[in-house]
């Protein structure tokens, strides 16, 4: 992560110290059928409950912003072993922590540095699996933690 990206995270944290801060995020919305659709988030510098930080470009998690359930590794491996971003998103939702797409984040090119140096990585594994692991594991989490579905109505 570059010093510029780190600086943006810290600036955002100083402005909103009780929020989770990210350089890249998506947002789940419900269709009329009840199914979730995910879209990239473009709402910089606005604390919101329903944005999902994506770790590919850096996330700052302040102390006590995630539910204590985050340490339940058995549940993580049972529900979302290929999607730590979803696990952390749900743990933040359970704690009702707002998230902020840092100001200036949309102007920074997103380059997953680990994908350059480490292969196979989680993103490649998920993409090549032929399954929609993201949605399968998201539905696992929503079923296991119904409060999330209620919050996102």
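The values are calculated or read from the model by the stated rules, or taken from the named source; none is laboratory data. The structure presented is a predicted model; accordingly, all values stated were derived computationally and were not measured. Counting neighbours? That spans all protein chains shown, and the Cβs are built from the backbone with ideal geometry, glycine included.
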Does any residue of segment 67-76 turn out to be out of contact with any strand residue (DSSP E or B) (no Cβ under 6 Å at 6 or more places or on another chain) and modelled with pLDDT under 95?
-> no
If we ask which residues in segment 69-83 are out of contact with any helix residue (DSSP H, G or I) (no Cβ under 7 Å at 6 or more places or on another chain) and either surrounded by 20 or more Cβ atoms within 10 Å (Cβ to Cβ) or part of a loop (DSSP other than H, G, I, E, B) (or both), their number turns out to be 2
Among the residues of segment 25-50, count how many are touching a helix residue (DSSP H, G or I) at 6+ places or on another chain (Cβ under 7 Å) and at pLDDT 90 or above.
-> 2
Could you say which residue among 86, 66 is assigned to a loop (DSSP other than H, G, I, E, B) and either within 19 Å of residue 152 (Cα to Cα) or over 13 Å from the mean Cα position of the chain (by Cα) (or both)?
-> 66
Test for residue 127: is it assigned to a helix (DSSP H, G or I), exposed (fewer than 13 other Cβ atoms within 10 Å of the Cβ) and either modelled with pLDDT of 65 or more or more than 16 Å from the chain's Cα centre (by Cα) (or both) = yes
Extreme residue, nearest to the chain's Cα centre (by Cα), among residues of segment 130-145 that are modelled with pLDDT under 90 and surrounded by fewer than 16 Cβ atoms within 10 Å (Cβ to Cβ) | 132
